[in-house]
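Peer 1: Take a look at this one; I'll ask things after.
The values are calculated or read from the model by the stated rules, or taken from the named source; none is laboratory data. Quick caveat, the model's predicted, so the values are computed rather than measured. All Cβ positions, even for glycine, are placed from backbone atoms using ideal geometry, and neighbour counts span all protein chains on display.
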Amino acid sequence: MFGVWKRVDTLTLWNNIKEYPKASILSLFQTDAKRAESFSFAHDGIFFDFSKTHLTADLLDKFGALAQSLGIDQKISALLSGERINVSENRAAEHSAERGVGAETSIENAQLLQNRMKALIGAIDAGALGEIEHIIHLGIGGSALGPELLIDALKIGDEKYDTAVVSNIDGSALEPVLEKFDAHKTLLVVASKSFTTAETFLNTESVLSWMKQEGVDDPFGKIVALTADPEKALEWGVDESRILPFSETVGGRYSIWSSIGFSVALTLGVEAFEDLLAGAKTMDEHFRDQPFEQNLPVLAAFCDQYYLQSCQYETRAVFSYDERLRLLPDYLQQLEMESNGKSVSIEGEQLTLNSAPITWGGVGTDAQHAVFQLLHQGTQVVPVEFLAVSESGHSLDPAHHQGLLLNCFAQGAALMAGKPSDDPHRNYPGDRPSVTILLEQLEPSTLGALLAFYEHRTFVNSALLGINPFDQFGVELGKEMARKLSDTDGNQLDPSTEQLKKRAFGA
Ligand code: F6P
């Protein structure tokens, strides 16, 4: 009986939000002279401004009441104390333990494994695996997107190792790397939580063949394996001393903090990796300790859900106004869409709310000259997230950075203000929402805090939807079909697929 009452109550709370009258963003600024200050927060080098949204103090209260009734504070503490909240896989989701926030034994275990990783890095730096200049990091999804983003964002150009992250099964991704690198000076990092992923292993075989062809004596001796299944790596032939395990409770798309971050720590230095973890930890503590009304991931999730459920906007766009963060939209796509792209609740019931929005985006100012037309005048409204960094990452004329930031801010202002015209072709409707995240500097600690912010925001979104963000059964069917298609034992799929196969490979 209580359960039924609770459900009705939650429905009413959602309806209060959905039916809340929407005032234009400009009018919200007109009626509240302090809106810019009240709808923005700073935490540890991250400034989050959501004043250019339709959120009001009343709406935030309603979201607060909903979050309370859904027990989101208890869910946050369950997440951050290592409870088994990934119920469909019967395990905890312990990425924060890698940063020092979680169950005590899990934190200890994470630290032991990180120390093992640091010891191997020290040995490689000291020449234990011979002269190494190049690193090929093979992995896909969560085993590649984080390492690639971090190395790309934080490298300054004078690193000891030249690192390439290769994920795609398409040989066109790997071949240029093999052409560029010296096989005798290459370390091969195989990153796979499950240690079974087809793309990663085909690429691994190709790198090993290349090493053999180039006359490397013991290619297997140049492999470092990053995995939650160390037994598999051992069976496959990697020496135990070069296997860096991590906990099964760290999900693939949440794994950059674990030994999956090995290539990051090797390339950028252990100190940078430690700063990354420390930055993420401050966000964990903020998320755990701050009340909803001052909690960045919670407030950002309220914005997300408002546009998803009240306005039914199906996508959200993230634009990095900083070339160093050009891979962030890709990283967020996996984090948000693989976590929250589900149709059923944790209890297995059909969702009546929209699941994750489609995350897409690009880099400013390039995107302004390509996709922003639709953002300003298309029939679809897309909530936009702008990301910028106050301090530039280059030494060219400051005019570059000034121009970049001014463009970023101007786009948010233009989306909101619009510009009426009697000529329908030249009319800008305006009232289009955006949030802006402004980082003081792009340092490992700030980026750590930013990525943890996105993880927790994704978690709050899942909790508001009532879904489990930590499984990803939806990716399995495609893998199964690919296996069936590659069978030669006469397995037939549908006529269209069979026709494509014939056309590509011949009868
Ligand atoms: O197929 C999806 C997925 O399982 C992701 O969740 C994961 O990040 C990626 O593949 C790679 O998996 P693994 O690290 O086990 O190779």
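Peer 1: Mind counting the residues in the range 195-217 that are free of Cβ contacts under 8 Å to residues at least 40 places away in the same chain and within 16 Å of the ligand (Cβ to nearest atom)?
Peer 2: First, pick out the residues of the range 195-217 that are free of Cβ contacts under 8 Å to residues at least 40 places away in the same chain: 196, 201-202, 205-206, 208-217.
Subsequent filtering for residues that are within 16 Å of the ligand (Cβ to nearest atom) retains 196, 201-202, 205.
The number of residues fulfilling the criteria is 4.
Peer 1: Does A191 count as within 16 Å of the ligand (Cβ to nearest atom), in contact with a His (Cβ under 7 Å, 6 or more places away or on another chain) and either over 30 Å from P329 (Cα atoms) or modelled with pLDDT of 95 or more (or both)?
Peer 2: Against the criterion (within 16 Å of the ligand (Cβ to nearest atom), in contact with a His (Cβ under 7 Å, 6 or more places away or on another chain) and either over 30 Å from P329 (Cα atoms) or modelled with pLDDT of 95 or more (or both)), A191 qualifies.
Peer 1: Which members of the range 481-505 meet the condition of being outside any helix (DSSP H, G or I) and at pLDDT 85 or above?
Peer 2: So the first thing to find is which residues in the range 481-505 are outside any helix (DSSP H, G or I), and the list is 487-494.
Once the filter is applied, which keeps residues that are outside any helix (DSSP H, G or I) and at pLDDT 85 or above, the range 481-505 yields only D494.
Peer 1: Is there a residue in the range 40-53 that is modelled with pLDDT of 95 or more and part of a helix (DSSP H, G or I)?
Peer 2: So far as the range 40-53 goes, no, none of its residues is modelled with pLDDT of 95 or more and part of a helix (DSSP H, G or I).
Peer 1: Taking the condition acidic (D, E), within 28 Å of E480 (Cβ to Cβ) and either in a helix (DSSP H, G or I) or more than 16 Å from the ligand (Cβ to nearest atom) (or both), does E179 pass? Break it down stepwise before answering.
Peer 2: Working: acidic (D, E): yes; within 28 Å of E480 (Cβ to Cβ): no; either in a helix (DSSP H, G or I) or more than 16 Å from the ligand (Cβ to nearest atom) (or both): yes.
It is false that E179 is acidic (D, E), within 28 Å of E480 (Cβ to Cβ) and either in a helix (DSSP H, G or I) or more than 16 Å from the ligand (Cβ to nearest atom) (or both).
Peer 1: Within the range 115-135, is there a residue that is within 16 Å of the ligand (Cβ to nearest atom) and either surrounded by 16 or more Cβ atoms within 10 Å (Cβ to Cβ) or at pLDDT below 95 (or both)? I'd like the intermediate steps shown before the answer.
Peer 2: Filtering the range 115-135 down to residues within 16 Å of the ligand (Cβ to nearest atom) leaves none.
Looking for residues that are within 16 Å of the ligand (Cβ to nearest atom) and either surrounded by 16 or more Cβ atoms within 10 Å (Cβ to Cβ) or at pLDDT below 95 (or both), one finds none in the range 115-135, hence no.
Peer 1: Now a separate question. From the list E271, E235, E231, which residue is surrounded by fewer than 20 Cβ atoms within 10 Å (Cβ to Cβ) and within 29 Å of D158 (Cβ to Cβ)?
Peer 2: Values: E235 fails: within 29 Å of D158 (Cβ to Cβ); E231 fails: within 29 Å of D158 (Cβ to Cβ).
Sole residue among the options that is surrounded by fewer than 20 Cβ atoms within 10 Å (Cβ to Cβ) and within 29 Å of D158 (Cβ to Cβ): E271.
Peer 1: Across the range 293-348, what is the total count of residues that are assigned to a loop (DSSP other than H, G, I, E, B), within 16 Å of the ligand (Cβ to nearest atom) and closer than 27 Å to E19 by Cβ?
Peer 2: Applying the first criterion (assigned to a loop (DSSP other than H, G, I, E, B)) to the range 293-348 yields 295, 311-314, 322, 326-327, 341-343, 345-348.
Subset that is within 16 Å of the ligand (Cβ to nearest atom): 327, 341-342.
When the remaining residues are screened for being closer than 27 Å to E19 by Cβ, the result is 341-342.
Number satisfying all stated conditions: 2.
Peer 1: A further question on this structure: Give the range 371-400 a look and list any residue that's touching a residue at least 60 places away in the same chain (Cβ under 8 Å) and among the acidic types (D, E), or say none. Quick ask: steps written out before the conclusion?
Peer 2: Kept after step one, since they are touching a residue at least 60 places away in the same chain (Cβ under 8 Å), are these residues of the range 371-400: 380-389, 393.
Scanning the range 371-400 gives a single hit, E385.
Peer 1: Additional query: Being of a type in the set (A, V, I, L, M), away from the ligand (no atom under 11 Å from the Cβ) and farther than 13 Å from T163 by Cα is the filter here, so list the residues in the range 248-268 that pass it.
Peer 2: First, pick out the residues of the range 248-268 that are of a type in the set (A, V, I, L, M): 250, 256, 260, 264-266, 268.
Imposing the further condition that a residue be away from the ligand (no atom under 11 Å from the Cβ) reduces the set to 264-266, 268.
Within the range 248-268, no residue meets the criteria.
Peer 1: On to the next question. In this structure, does L477 turn out to be without any contact (Cβ under 8 Å) to a residue 12 or more places away in the chain and either within 28 Å of K342 (Cβ to Cβ) or of a type in the set (A, V, I, L, M) (or both)? Full working, then the answer.
Peer 2: Details: without any contact (Cβ under 8 Å) to a residue 12 or more places away in the chain: yes; either within 28 Å of K342 (Cβ to Cβ) or of a type in the set (A, V, I, L, M) (or both): yes.
Here the answer is yes, as L477 does meet what is asked.
Peer 1: Please determine whether any residue of the range 68-75 is of a type in the set (G, A, S), in contact with a strand residue (DSSP E or B) (Cβ under 7 Å, 6 or more places away or on another chain), within 29 Å of M337 (Cα to Cα) and not in a helix (DSSP H, G or I).
Peer 2: Taking the range 68-75 as the starting set, the residues that turn out to be of a type in the set (G, A, S) are 69, 71.
Filter once more, keeping what is in contact with a strand residue (DSSP E or B) (Cβ under 7 Å, 6 or more places away or on another chain): none.
No, the conditions are met nowhere in the range 68-75.
Peer 1: Now, a different point. Output the number of residues of the range 201-235 satisfying the condition of being touching a helix residue (DSSP H, G or I) at 6+ places or on another chain (Cβ under 8 Å), among the hydrophobic types (A, V, I, L, M, F, W, C) and within 21 Å of K180 (Cα to Cα).
Peer 2: Number satisfying all stated conditions: 8.
Peer 1: So for the range 172-187 (the condition being surrounded by 14 or more Cβ atoms within 10 Å (Cβ to Cβ), more than 15 Å from H137 (Cα to Cα) and modelled with pLDDT of 95 or more), does at least one residue qualify? Break it down stepwise before answering.
Peer 2: Step one: of the range 172-187, the residues surrounded by 14 or more Cβ atoms within 10 Å (Cβ to Cβ) are 173-174, 177-178, 181, 183-187.
Cutting the leftovers down to more than 15 Å from H137 (Cα to Cα) gives us 184.
Filter once more, so that each one left must be modelled with pLDDT of 95 or more: 184.
The answer is yes, given that some residue of the range 172-187 is surrounded by 14 or more Cβ atoms within 10 Å (Cβ to Cβ), more than 15 Å from H137 (Cα to Cα) and modelled with pLDDT of 95 or more.
Peer 1: Within the range 450-507, how many residues are of a type in the set (G, A, S) and under 26 Å from R91 (Cβ atoms)? First the steps, then the outcome.
Peer 2: Taking the range 450-507 as the starting set, the residues that turn out to be of a type in the set (G, A, S) are 452, 462-463, 466, 474, 478, 482, 486, 490, 496, 504, 506-507.
If we keep only those that are under 26 Å from R91 (Cβ atoms) as well, we get 452, 462-463, 466, 474, 478.
Here the count works out to 6.
Peer 1: Can you tell me how many residues within the range 324-346 are touching a residue at least 60 places away in the same chain (Cβ under 8 Å) and out of contact with any helix residue (DSSP H, G or I) (no Cβ under 9 Å at 6 or more places or on another chain)? Steps first, answer last, please.
Peer 2: First, the residues of the range 324-346 that are touching a residue at least 60 places away in the same chain (Cβ under 8 Å): 324-328, 330-332, 334-336, 338-342, 344-346.
Next cut, out of contact with any helix residue (DSSP H, G or I) (no Cβ under 9 Å at 6 or more places or on another chain) only: 344.
Matching residues across the range 324-346 total 1.
Peer 1: Separate question: Mind telling me which of the residues L138, L80, L154 ends up being more than 16 Å from the ligand (Cβ to nearest atom), touching a helix residue (DSSP H, G or I) at 6+ places or on another chain (Cβ under 6 Å), aliphatic (A, V, I, L, M) and farther than 22 Å from E336 by Cα?
Peer 2: The conditions single out L154.
Peer 1: Under 7 Å between Cβ atoms, which residue pairs at least 6 apart in sequence (or on different chains) link something in the range 219-243 that is within 15 Å of the ligand (Cβ to nearest atom) with a partner that is of a type in the set (D, E)?
Peer 2: Hits for this filter: A228/E248.
Peer 1: Let me ask something additional. Could you please give the count of residues in the range 462-480 that are surrounded by 14 or more Cβ atoms within 10 Å (Cβ to Cβ), in contact with a Ser or Thr (Cβ under 8 Å, 6 or more places away or on another chain) and part of a helix (DSSP H, G or I)?
Peer 2: 2
Peer 1: I'd like the full set of residues that are in a helix (DSSP H, G or I) and touching a strand residue (DSSP E or B) at 6+ places or on another chain (Cβ under 9 Å), limited to the range 247-267. Steps first, answer last, please.
Peer 2: Step one: list which residues in the range 247-267 are in a helix (DSSP H, G or I), which gives 252-254, 259-267.
Answer for the range 247-267, where residues must be in a helix (DSSP H, G or I) and touching a strand residue (DSSP E or B) at 6+ places or on another chain (Cβ under 9 Å): S259, I260, G261, F262, S263, V264, L266, T267.
Peer 1: Test L174 against the stated conditions and say whether it is part of a helix (DSSP H, G or I), more than 17 Å from F262 (Cβ to Cβ) and within 15 Å of the ligand (Cβ to nearest atom).
Peer 2: Details: part of a helix (DSSP H, G or I): yes; more than 17 Å from F262 (Cβ to Cβ): yes; within 15 Å of the ligand (Cβ to nearest atom): no.
No, not satisfied.
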